[in-house]
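Comments concern the structure below.
What follows is calculated from the coordinates using simple rules that are stated; it is not laboratory data. These numbers come from a predicted model, not from an experiment. Heads up, the Cβs are rebuilt from the backbone with ideal geometry, glycines too, and the neighbour counts pull from every protein chain shown.
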Amino acid sequence: MEIVAEKLQQVLTRIATACTASQRPVQSVTLLAVTKTFGAQSIRDAVAAGQHAFGENHVQEALEKMAALADLREPLQWHLIGPLQSNKTRVVAERFDWVHSVDRLKLAERLSAQRPPGLPPLQLCLQVNISGEASKSGVPPNEALALARAVAALPRLRLRGLMAIPQPVTGFEAQRVPHRALARLLGELNAAGLALDTLSIGMSADLEAAIAEGATIVRVGSAIFGARS
Ligand SMILES: *Cc1c(COP(=O)(O)O)cnc(C)c1O
């Protein structure tokens, strides 16, 4: 518990330092705590330390933790950051607040049709294959504008921006390259008439480089909760 609180504080300090270095307000970056493979108790510890936004990769694992945390009074915000299959869209539309991993129109159409009208719009990011890796999910950069236009037109969703998981590299300058490419793409989409305000980039190893290039959500797991087995 103390460990999670301490490490959370260290990450918040890293975010604040990176914001200062880029002359950005600290509030312009939101920390998403990534809890995949960690149990409900880790989430309780983080909530007790003031964290409310959590990212999970697997739908089933997230649902189990939501059930285990049903007694919490604080409202938690749940973000799906892992790959989404069509047969899981209904429960995601019903239970999550954000989905960062939309990379094809069919998924967005299903989420739109299945988002319960009583809930606020589901907040979406398009995942972009920014490093051009054959095995990675994500829309190719040159198809992002067409996809963004189609998704932005769907009801009960709000397209907020772009997400990427760049190939890991070491060194601040090298880490900035894919982040800068994603930030440029966001600028191009906005110049083409979209109104996107979110760049979901930066993890434990590269959050400073991501913030230098305009990240508005950093997704941090191991730096808060420890190494995953
Ligand atoms: C696991 C994961 C993270 C967090 O990675 P860390 O290196 O543990 O901070 C962020 N984003 C996605 C999509 C992930 O799968």
- request: Can you tell me the alpha carbon radius of gyration of the range 127-172 divided by the globular rule-of-thumb value 2.2 N^0.38 Å?
  value: 1.35
query: So how compact is the range 155-229: Cα radius of gyration and Dmax in angstrom?
result: 13.5, 44
- request: Report the one residue of VAL11, ALA33, ALA46 whose Cα lies farthest in the direction of the positive end of the charge dipole of the range 1-79 (charges on C-beta: Lys and Arg +1, Asp and Glu -1; origin at the Cα centre).
  value: VAL11
message: Pick from GLN114, GLN60, GLN23 the residue whose mean-square fluctuation is largest in a GNM of the chain, springs joining Cα atoms under 10 Å.
response: GLN23
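For a Förster distance of 25 Å, can you work out the FRET efficiency between the beta-carbons of GLU143 and GLN114, rounded to the nearest 0.05?
About 0.55, to the nearest 0.05.
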message: Among ASP45, ASP103, ASP71, which one shows the highest mean-square fluctuation when the chain is modelled as a Gaussian network with alpha-carbon springs under 10 Å?
response: ASP71
222 nm mean residue ellipticity, helices alone, for the chain (DSSP H n ≥ 4; -39,500 (n - 2.57); rounded to 500): -12500 deg cm²/dmol
query: Each residue of the range 21-28 in order: what ³J(HN,Hα) in whole Hz does its phi give by Karplus 6.51 cos²θ - 1.76 cosθ + 1.60, θ = phi - 60°, with x for Gly and Pro?
result: 4, 9, 6, 10, x, 4, 6, 7
message: How large is log10 of I(q)/I(0) for the range 20-85 at q = 0.22, 0.24 Å⁻¹ when the intensity is taken from the Debye formula with one equal scatterer per alpha-carbon?
response: -0.90, -1.02
statement: Subtracting the Cα-Cα distance of GLU133 and ALA174 from 0.36 nm times their residue separation yields 13.1 nm
- request: Could you give the spread of the C-alpha atoms of the chain along their three principal axes, from largest to smallest, in whole angstroms?
  value: 47, 42, 32
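Just want the ordering: CYS19, CYS125, from fewest to most Cβ atoms lying within 10 Å of their own Cβ.
Lowest count first: CYS19, CYS125.
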statement: So the FRET efficiency between ARG73 and ASP197, C-beta based with R0 = 35 Å and rounded to 0.05, is 0.75
field: Nearby aspartates and glutamates by direct alpha-carbon distance to LYS106 (threshold 15 angstrom, same-chain neighbours under 8 apart not counted)
entry: GLU143
- line: The answer for LEU196, listing residues at least 5 apart or on another chain whose modeled amide H is closer than 5 Å to its amide H, is none
field: Scaled radius of gyration (Cα, divided by 2.2 N^0.38 Å) that the range 55-127 gives
entry: 1.05
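What do you get for trypsin sites (Lys or Arg not before Pro) in the range 68-104 restricted to DSSP loop and a cutoff of at most 15 other Cβ within 10 Å of the site's Cβ? If you can, show how the numbers build up before the last one.
Working: sites: ARG73, LYS88, ARG90, ARG95, ARG104; in loops: ARG73, ARG104.
For trypsin sites (Lys or Arg not before Pro) across the range 68-104 that sit outside H, G, I, E and B with at most 15 neighbouring Cβ atoms in 10 Å, the list reads ARG73.
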message: What whole-number distance in Å separates the alpha-carbon centres of the range 67-144 and the range 164-200?
response: 19
statement: Heads up, the range 20-142 by the C-alpha gyration tensor (a ≥ b ≥ c square roots of eigenvalues; a/c under 1.5 rounded, else a/b over b/c prolate, else oblate) looks oblate
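Do the alpha carbons of any pairs in LYS36/LYS65; LYS7/LYS136; LYS65/LYS136; LYS65/LYS88 sit beyond 22 Å of each other, and which pairs?
Numbers: LYS36/LYS65 10 Å; LYS7/LYS136 30 Å; LYS65/LYS136 27 Å; LYS65/LYS88 17 Å.
Exceeds cut-off: LYS7/LYS136; LYS65/LYS136.
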